[in-house]
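The values are calculated or read from the model by the stated rules, or taken from the named source; none is laboratory data. Since we're looking at a predicted model, the values are computed, not measured. Counting neighbours? That spans all protein chains shown, and the Cβs are built from the backbone with ideal geometry, glycine included. All accessible areas refer to the heavy atoms of the entire protein, side chains included, with ligands and DNA or RNA removed. Shrake-Rupley method; radii C 1.70, N 1.55, O 1.52, S 1.80 Å.
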Amino acid sequence: QKKKLLEELGENRLPYVTPADADFHQLWKTKYSKLIFGKSDAVPEELHQMVQEGFLALRKHDCFFQDLVRIKGKDFVTPVSRILIGNPGCTYKYLNTRLFTVPWPTEGYDINYCSPQIQDACKALIRLNDYLHIEAVKALQGQNLFETKETKDTTVIDREQNFATSLTEKGSVSKDQSSCCVPEDDYISLKNRTSYNLTLLNYMDPLQMLYLKQEPYFGMGSMAVSWHHDENLVERSTVAVYSYSCEGSAVEVSNEQKLKGRDPAVWHVGLKVAWDIETPGLAIPLHQGDFYLMLDDLNMTHQHCVLAGFSPRFSSTHRVADCSRGTLEYIFGQCELALQNLQTDSDSKALSLKSLETAVVKQVEEIHNEVEFEWLRQFWFQGKRYLKCTDWWLKPMAKLEEFWRKMEIMTSLVLSEVGKEEQIEEQRNETISCFLLVLTERQRLRKEWTAR
């Protein structure tokens, strides 16, 4: 699609507007109405301070990392450095790379941080998460993207009023308090689509980058992040982004660099309608402490990019990640399901398989692959970097490795069983052909991961 679009454009560039243009608000209202922008003065000063100190502490402790991602079979190192912070045991996958959350402080979890500053940073980000959740609920209700036109969630309003005065108490929207005001389906939908379970933090200093891609369609200048849709999210969920550019250190813009359009010294978010060359794009400046929300299906119908300014910038991008296959709880459940087919003889302690049915063997071997390639190798190939923040993942990873070893034994047991004479030919052939498919895939993936 990209190639086709660029061919169609040739040497031309598409038009785009910034807030300085007369037709900006009209275009925003008609084509980009699900983008909500919040100026920094709307956010409590105390929250700004906590979050910005948190960013700087994480950078000081070298907690931001460039990711090795895979696009169309090739590996690339991201220009932006990142860290994932969120619910314990949650992961987020993008471009074939799984990131593991540094857990933010959560009741019922014992989390050992490497320093008090890292702990404070994680606390600040859960507060910001709370604040942006409230803003997203208000924005969705304000746009009537829910049926609740007249009603508002009283708990959310209470929390909003209390927020500036008491940053120390982390509240949460409790179901029984709010269901009296909001119809059940709307309540569940509202909660599902705004309850961020993690934030992907980004950091980049453009002046340290030897090369940044140029924006190809509109001529908007240097991009820190190319055009994309955010992936691995709950459908129609809101994405909230808090931006902090260290503007004090920005280089003065010389007059020659003053272009028509965006100021290249200032960071911007760019938006366009996906694969459309009729609608002009938007470039919106991001100053210290501004935030924006992408509501409802905006992330699916539109694409966004981040245009680099001159100063270093942090951002905290809060998401409702689709964790249906991305939590420890899920993968432990899968392991337990697989290991139900392994039995130990009470006298000899010898291990054997309960069933050689094709469906059972296939399921176990697929789980075996999932544990190895979606979890263990994903965790260890970007290595011990999480240990700069916390050792929280070491125990669950050791437990997963234990499960994996047992599944390796189960693979050997299948091999020895199908080699036995007394197996019925037809059943044996069926087992071997399904087993071989999964083993071939395992071999291919092991080679690929060794190369990575």
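Using a 1.4 Å probe on the protein chains only, how many percent of the accessible area of region 328-451 belongs to carbon and sulfur?
Carbon and sulfur: 54 percent of the exposed surface of region 328-451.
Would you be so kind as to identify which of 311, 293, 97 lies farthest towards the positive end of the dipole of the chain, taking Lys and Arg as +1 and Asp and Glu as -1 on Cβ and the Cα centre as origin?
Of the listed residues, the answer is 311.
If we restrict to alpha carbons, what Rg and Dmax does the chain come to, in Å?
25.2, 86
Report the charge-dipole magnitude of region 54-103 in Debye, nearest 20, computed about the Cα centre from +1 at each Lys and Arg Cβ and -1 at each Asp and Glu Cβ.
140 debye
Any idea of the accessible area per residue across region 283-425, 1.4 Å probe, to the nearest Å²?
Normalised by residue count, the accessible surface of region 283-425 is 42 Å².
Mind scanning 123/395; 349/395; 93/395; 272/384; 2/31; 3/93 and naming the pairs with a C-alpha gap bigger than 28 Å?
Working: 123/395 23 Å; 349/395 26 Å; 93/395 21 Å; 272/384 38 Å; 2/31 21 Å; 3/93 26 Å.
In this structure, 272/384 exceed 28 Å between Cα atoms.
Amide H of residue 290: which non-local residues (sequence gap of 5 or more, or other chain) have their own amide H closer than 5 Å, using H built in the peptide plane?
Close amide H contacts, sequence-distant or interchain: 40, 243.
When 1/r is averaged over all different Cα pairs and the result inverted, which Kirkwood radius in Å belongs to region 328-451? Can you show the working numbers first?
Values: mean 1/r = 0.0632 Å⁻¹.
One over the average 1/r among Cα pairs gives 15.8 Å for region 328-451.
Using modelled backbone amide H atoms (1.01 Å from N, in-plane), which distant-in-sequence or interchain residues come within less than 5 Å of residue 302's amide H?
274
What nm value, rounded to one decimal, do you get for the distance between residue 415 and residue 433 when each label is placed 7 Å out toward the C-beta?
Result: 2.3 nm between the two label points.
Between residue 120 and residue 405, what is the label-point separation in nm under the 7 Å Cα-to-beta-carbon projection?
Label at residue 405, label at residue 120, 4.2 nm between them.
Short version: ³J(HN,Hα) in whole Hz for each residue of region 348-353, in order, from phi by Karplus 6.51 cos²θ - 1.76 cosθ + 1.60 (θ = phi - 60°), x for Gly and Pro, what are they?
For region 348-353, the Karplus-derived couplings read 7, 6, 5, 8, 8, 8 Hz, x marking Gly and Pro.
Given Cβ point charges of +1 (Lys, Arg) and -1 (Asp, Glu) and nothing else, what value in debye, to the nearest 20, does the dipole of region 328-451 about its Cα centre take?
840 debye
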